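These notes concern the structure reproduced below.
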Amino acid sequence: MSLFVNLVGLVLMALVVWWFWLSNRKSTAQAATQEATIIVEDGVYSPASIRANTGQSLTLHFDRRDPSPCAEQVIFQGLDTSAFLETGKTTTLTLDNLPAGKHRFTCQMQMYQGTLIVD
Ligand SMILES: [Cu+2]
């Protein structure tokens with residue numbers, strides 16, 4: 001009887017792990033891209049998360065709609081890349097030969113925050 005209870009417990013644990021892993025995978029699943037448009041407005045980048053493939057290039061079009069000075073620059077931490085964005089215009093930025101990892105991109109005051117996931 002206790003063996004049966006243990007088995008049921010194990011199966012339930014396996015189910016929980018499987019369920020958690022599955023739902024986790026669903027929420028983080030994002031297709032890798034080579035080109036994306038990011039709207040800069042109201043203190044947020046939309047989308048704020050971009051996924052790309054290691055070693056490939058990525059072209060980003062920043063559509064700045066926020067006139068405040070806060071939004072004027074985008075900086076890719078650790079990638080040595082930054083750009084000035086003109087209000088009401090789209091600024092295109094191309095990143096080549098992407099290194100694997102999670103790279104943050106922010107405005108100069110780090111109020112706008114985004115993540116570039118390269119894998
Ligand atoms: Cu800012």
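The values are calculated or read from the model by the stated rules, or taken from the named source; none is laboratory data. Just so we're clear, the structure is a prediction, and the values are computed from it rather than from any experiment. Here Cβ is always computed from backbone atoms with ideal geometry, including for glycine, and neighbour counts include all displayed protein chains. Just so you know, the surface numbers come from the protein's heavy atoms only, side chains and all, with ligands and any DNA or RNA stripped out. Shrake-Rupley method; radii C 1.70, N 1.55, O 1.52, S 1.80 Å.
Taken one residue at a time, the phi angles of the range 74-91 give Karplus couplings (6.51, -1.76, 1.60, θ = phi - 60°) of 10, 10, 9, 4, x, 10, 6, 10, 8, 8, 8, 10, 8, 4, x, 10, 9, 10 Hz. Gly and Pro are set to x.
Per residue, the range 35-118 exposes an accessible area of 50 Å² to a 1.4 Å probe, with every protein chain left in place. Mind giving me the FRET efficiency for GLN56 and GLN113? R0 is 25 Å, r the Cβ-Cβ distance, nearest 0.05 is fine. The formula returns an efficiency of 0.60 here. Placing unit charges on the Cβ atoms only, positive for Lys and Arg and negative for Asp and Glu, gives the range 56-99 a dipole magnitude near 120 debye about its Cα centre.
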